[in-house]
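Everything below concerns the one structure shown next.
The values are calculated or read from the model by the stated rules, or taken from the named source; none is laboratory data. All values reported here derive from a predicted model rather than from experimental measurement. Counting neighbours? That spans all protein chains shown, and the Cβs are built from the backbone with ideal geometry, glycine included. Ligands, DNA and RNA are stripped out before the accessible areas are found, and what is left, the full protein with its side chains, is counted by its heavy atoms. Shrake-Rupley method; radii C 1.70, N 1.55, O 1.52, S 1.80 Å.
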Amino acid sequence: MPRAVLEDTRLHPAIRDTVEHLHIEVVHNVQAASMSNAVLVVGMAGNPFCKRARKALDAAAVSYHYLEYGSYLSRWRERLALKMWSGWPTFPLVFVKGVLIGGADDLTKLIATGELKRLLA
């Protein structure tokens, strides 16, 4: 079953363009980075889960690219657009070979089980 998203037919025509293009440059940047880096971590300053994900990758000797979008008080609109696009409710967003695998806890599980190495092989 696909993720629930408000259908275009339920958006007034006057706002469709705004909804469609909300911080699209940020979404395109993350899309491109997720496809051009084996591992991408999208995070924010001051978030302990973002730091935890990066430390876990460092400890596992897995190289990654990191994109940071503000802190708790800045750039929240861009982060909201990323949440709406991805459907993932929290940060970080961790991508492996272009596939969203979740956040820090999901990443540590993949590292612990060896699944991350298999995905990267």
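If I filter segment 25-36 for residues that are open to solvent by 70 Å² or more (accessible area, probe 1.4 Å), small (Gly, Ala, Ser), at pLDDT 95 or above and at negative phi, do I get at least one hit?
Looking through segment 25-36, at least one residue is open to solvent by 70 Å² or more (accessible area, probe 1.4 Å), small (Gly, Ala, Ser), at pLDDT 95 or above and at negative phi.
In contact with a Leu (Cβ under 8 Å, 6 or more places away or on another chain) and surrounded by fewer than 18 Cβ atoms within 10 Å (Cβ to Cβ), is that true of Val62?
Values: in contact with a Leu (Cβ under 8 Å, 6 or more places away or on another chain): yes; surrounded by fewer than 18 Cβ atoms within 10 Å (Cβ to Cβ): yes.
Considered against the rule, which asks whether it is in contact with a Leu (Cβ under 8 Å, 6 or more places away or on another chain) and surrounded by fewer than 18 Cβ atoms within 10 Å (Cβ to Cβ), Val62 comes out as yes.
Considering only segment 80-121, how many residues are farther than 12 Å from Ser34 by Cβ and either open to solvent by less than 50 Å² (accessible area, probe 1.4 Å) or more than 9 Å from the chain's Cα centre (by Cα) (or both)?
Here the count works out to 27.
Quick check, is Arg54 farther than 28 Å from Leu119 by Cβ, open to solvent by 70 Å² or more (accessible area, probe 1.4 Å) and of a type in the set (Lys, Arg)? Lay out the reasoning, then the answer.
On the way: farther than 28 Å from Leu119 by Cβ: no; open to solvent by 70 Å² or more (accessible area, probe 1.4 Å): yes; of a type in the set (Lys, Arg): yes.
Judged against the criteria, Arg54 is not a match.
Report yes if Arg77 is touching a His at 6+ places or on another chain (Cβ under 9 Å) and open to solvent by 70 Å² or more (accessible area, probe 1.4 Å), otherwise no. So that I can check it myself, show each step before the final result.
Values: touching a His at 6+ places or on another chain (Cβ under 9 Å): yes; open to solvent by 70 Å² or more (accessible area, probe 1.4 Å): yes.
So Arg77 fits the description; yes.
Every residue in segment 87-103 that is farther than 16 Å from His65 by Cβ, out of contact with any Pro (no Cβ under 6 Å at 6 or more places or on another chain) and in contact (Cβ under 8 Å) with a residue 40 or more places away in the chain, please. Steps first, please.
So in segment 87-103, the residues farther than 16 Å from His65 by Cβ come out as 87-90, 102-103.
So of that shortlist, the ones also out of contact with any Pro (no Cβ under 6 Å at 6 or more places or on another chain) come out as 87-90, 102.
Matches in segment 87-103: Gly87, Thr90.
Go through (1) in contact with a strand residue (DSSP E or B) (Cβ under 8 Å, 6 or more places away or on another chain); (2) without any contact (Cβ under 8 Å) to a residue 24 or more places away in the chain; (3) among the hydrophobic types (A, V, I, L, M, F, W, C) one by one and return the number of the condition Ala4 breaks.
(1)
Kindly indicate whether Ile24 is among the β-branched types (Val, Ile, Thr) and in contact with a Leu (Cβ under 8 Å, 6 or more places away or on another chain). Steps first, answer last, please.
Working: among the β-branched types (Val, Ile, Thr): yes; in contact with a Leu (Cβ under 8 Å, 6 or more places away or on another chain): no.
Answer is no for this residue.
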